[in-house]
Amino acid sequence: MPEIGCSVDELDTPALCIDLDVFEENIARMAALCREHNVQWRPHSKAHKSPQIAKLLVEAGAIGVTCAKLGEAEVMATGGIEDILVANQIAGPEKMRRLVSVCRQADVIVTVDHPDQVSAISQATSAAGVNVRAIVEVNIGLNRAGIEPDAAVELGKLVDQAPGMTLAGIMGYEGHLLTLEDQVDKAAKIREALALLVSVRDRYIEAGLPCPIVSAGGTGSYATTVACPGVTELQAGGLIFMDAFYRYRCHVDGFGHALKLFVTVVSRPT
């Protein structure tokens, strides 16, 4: 094993390394941007899956983490992260058992987009004597998951009445717009999609439903999403490392490439 402080030339390869200066600058820049716009930062952990890195983000101002699945939430909870959003739906008896367990370790938010999920989660949590926050995912154009906007209020009412669950708000993901080439058109379409999401928030309030969270925003769209009225938290997390996809396909500027893979060419026969 190389010693801390050794030169890059001494590393055995392949070696995946973080440039700490760039990494810390990326974190500080994003945290400052969220503070400037009075938006909470709940960075997605799918890029690193590391409680140690998640703790650094929380220390910098993040309110918690976003996870792609329950297994990642379990790792984060065991590692001491207290506020965790699972930004995809969960299903099946085994997942319900695991959800109950992680709810005993951390303050978890689950995502729902169908009454069957609400019923299963409510039965599991209420039977175990635990409570879980839930947000309703609204389809704002990605067509991957999420209930249609016109049906979101009824699902919210179901969550609000479900034992063992607390309605915490809504979320949407503008992921279908990340790679649009025309940046003016991209920003306009992102604002349009998120205005649809915020309109659902307004309908919740009119119906007497709580909606403190309006969660959205990936790394490829953060610059527009963070300034959209009504959005309360941003999930963008990949920008702590950055990569070529975000730089060249999503046209994300202002963040450095912090993750580097050092390799050795062992043969050049031609």
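The values are calculated or read from the model by the stated rules, or taken from the named source; none is laboratory data. Bear in mind the structure is a predicted one, so any value in this text is a computation, not a measurement. Here the Cβ is made from the backbone with ideal geometry for all residues, glycine too, and neighbour counts use every protein chain on show. All accessible areas refer to the heavy atoms of the entire protein, side chains included, with ligands and DNA or RNA removed. Shrake-Rupley method; radii C 1.70, N 1.55, O 1.52, S 1.80 Å.
See the values below:
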| quantity | calculated |
| --- | --- |
| Test: residue in the stretch 87-95 that is farther than 19 Å from A120 by Cβ and either among the aliphatic types (A, V, I, L, M) or in contact with a Ser or Thr (Cβ under 6 Å, 6 or more places away or on another chain) (or both) | no |
| Subset of the stretch 225-249 [part of a loop (DSSP other than H, G, I, E, B), buried (at least 17 other Cβ atoms within 10 Å of the Cβ) and hydrophobic (A, V, I, L, M, F, W, C)] | V226, C228, V231, A236, F241, M242 |
| Residue ranges of helices (runs of 4 or more DSSP H) in the stretch 37-151 with at least 1 members open to solvent by 10 Å² or more (accessible area, probe 1.4 Å) and among the hydroxyl-bearing types (S, T, Y) | 70-78, 93-103, 115-128 |
| Options S101, S119, S126; residue that is in contact with a strand residue (DSSP E or B) (Cβ under 9 Å, 6 or more places away or on another chain) and hydroxyl-bearing (S, T, Y) | S126 |
| Long-range neighbours under 7 Å by Cβ, at least six apart or interchain, first residue in contact (Cβ under 8 Å) with a residue 24 or more places away in the chain and within 26 Å of G238 (Cα to Cα) within the stretch 1-27, second among the charged types (D, E, K, R) and surrounded by 10 or more Cβ atoms within 10 Å (Cβ to Cβ) | C17/K260; D19/K260 |
| Condition check for L178: in contact with a helix residue (DSSP H, G or I) (Cβ under 6 Å, 6 or more places away or on another chain) and under 20 Å from C34 (Cα atoms) | yes |
| Candidates Y222, Y173, filtered to the one that is under 14 Å from L234 (Cα atoms), outside any helix (DSSP H, G or I) and either open to solvent by 10 Å² or more (accessible area, probe 1.4 Å) or touching a Cys at 6+ places or on another chain (Cβ under 7 Å) (or both) | Y173 |
| Condition check for V252: under 17 Å from I140 (Cα atoms), of a type in the set (A, V, I, L, M, F, W, C), open to solvent by less than 10 Å² (accessible area, probe 1.4 Å) and touching a residue at least 24 places away in the same chain (Cβ under 8 Å) | no |
| Residues that are part of a loop (DSSP other than H, G, I, E, B) and either out of contact with any Asp or Glu (no Cβ under 7 Å at 6 or more places or on another chain) or of a type in the set (G, A, S) (or both), drawn from the stretch 1-36 | M1, E3, I4, G5, C6, S7, L11, D12, T13, P14, D19 |
